[in-house]
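Q: Handing you a structure now.
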Amino acid sequence: MSMRSEEPKHAITRRSVLAGMLAASTGAWAGGVERAVPNSTGSVPPRLDAPAGACDCHHHIYDERFPVSPHWRQGFPPGATVADYRSLQRRLGTSRSVVVQPSTYGIDNRCLVDALGQLGSAARGVAVVDTDVKDAELRLLTDAGVRAIRVNFVSPQSWGTTTPEMLTTLAKRVNAFGWHVQILMLGDQIVTHESVIRSLPTKVVVDHLGRIPQPDGVKHPAFAAVRRMLDEGRTWVKVTEPYEDSKLGPPYADSSEVARAYVQAAPQRILWGTDWPHPTQRGTKPDDALLLDLLADWAPDEKTRRRILVENPAELFGF
């Protein structure tokens, strides 16, 4: 991976923790550009250049043309349309993406499908459906580029609280379409439901580092549970949202320890993403360039970084 020779002094200072690792990077990679983006702190591009075909495996699109679900009372971040996201892609130098249906829209996936239509063949989708979904809808979503469902145990959904029984039923429904199941659980929930997750017929993607609580980190039972699932070969982990459980702030050394351990354990089943526009962050938004730069710490080897950014998403999502 290549390293930029010139960058504003304030950006170098802000990322001084990563400078030593990045300075050793080599290679010919397509870089991003300096650009201010809504819902993202800073404007400078990452110091780590993204390879051709690099994929942001987790972001959301919000568009006021589409009504929010009746169950949703929290609004949504402005400046999060497809046009806004393309600005982020230009800043980061990424070209592929996975659009994840936010809880905001419930099981109405029209905004997701519209976003996939705008982004074209360089995008895939993760939908939200309930157990009453018809096969005809699943076929239409497949044709639109959807390759997974997201099952959220953390926040209320349009049906209320998600149960393990719902997870099992949904996994069986989408398995026939070749989809996988993306699970959002807190660390303690993963410990409670590990046997259910391991019994699913589909591949499984664990959201946001498994939401491992800090300061326990790799010593928490949830980390061991995720490691067991990784070792079985059908589970993938998104090393996303390191800020959510960090007690230390940027560059999130505590959450980074967890991410680094996952990468070392199963680099062939690790996915990276921004979680832009960072809907859980109501105040200052994270620096998406720094989130990409963290890969220099989590995956010091260039081939491993390429695997995480290009090869793993291509395998799982069919780019």
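Q: Just to be sure, is Thr162 open to solvent by less than 60 Å² (accessible area, probe 1.4 Å) and modelled with pLDDT under 95?
A: Criteria met by Thr162.
Q: Mind counting the residues in segment 116-137 that are without any contact (Cβ under 8 Å) to a residue 40 or more places away in the chain and aliphatic (A, V, I, L, M)?
A: Total meeting the criteria: 6.
Q: Got a sec? Which strands (runs of 3 or more DSSP E) wholly within segment 111-203 have at least 3 residues that are acidic (Asp, Glu)?
A: Fully inside segment 111-203 and qualifying: nothing.
Q: While we're on this one: Please determine whether any residue of segment 192-203 is open to solvent by less than 30 Å² (accessible area, probe 1.4 Å), polar (S, T, N, Q) and closer than 20 Å to Phe317 by Cβ.
A: yes
Q: Follow-up. Which residue pairs have Cβ atoms closer than 8 Å, lie 6 or more positions apart in sequence or on different chains, and pair a first residue in segment 206-234 that is under 20 Å from Leu294 (Cβ atoms) with a second residue that is of a type in the set (Ser, Thr, Tyr) and part of a helix (DSSP H, G or I)?
A: Filtered contacts from segment 206-234: Leu209/Ser255; Leu209/Tyr262; Ile212/Ser255; Gln214/Ser255; Gly217/Ser255; Val226/Tyr262; Leu230/Tyr262.
Q: Restricting attention to segment 228-247, and to residues there that are in a helix (DSSP H, G or I) and open to solvent by less than 10 Å² (accessible area, probe 1.4 Å), which single residue is farthest from Arg260 (Cα to Cα)?
A: This residue is Met229.
Q: So Ala225 passes all but one of these: (1) assigned to a helix (DSSP H, G or I); (2) touching a helix residue (DSSP H, G or I) at 6+ places or on another chain (Cβ under 7 Å); (3) over 18 Å from Val151 (Cβ atoms). Which condition number does it fail?
A: (3)
Q: Pick from segment 69-94 the residues that are in contact (Cβ under 8 Å) with a residue 24 or more places away in the chain, open to solvent by 60 Å² or more (accessible area, probe 1.4 Å) and assigned to a loop (DSSP other than H, G, I, E, B): which of them is farthest from Glu34 (Cα to Cα)?
A: By that ranking, first place goes to Pro70.
The values are calculated or read from the model by the stated rules, or taken from the named source; none is laboratory data. Just so it is clear, the structure is predicted and the values come from calculations on it, not from any experiment. Every residue, glycine among them, receives a Cβ derived from its backbone with ideal geometry; neighbour counts consider all protein chains shown. All accessible areas refer to the heavy atoms of the entire protein, side chains included, with ligands and DNA or RNA removed. Shrake-Rupley method; radii C 1.70, N 1.55, O 1.52, S 1.80 Å.
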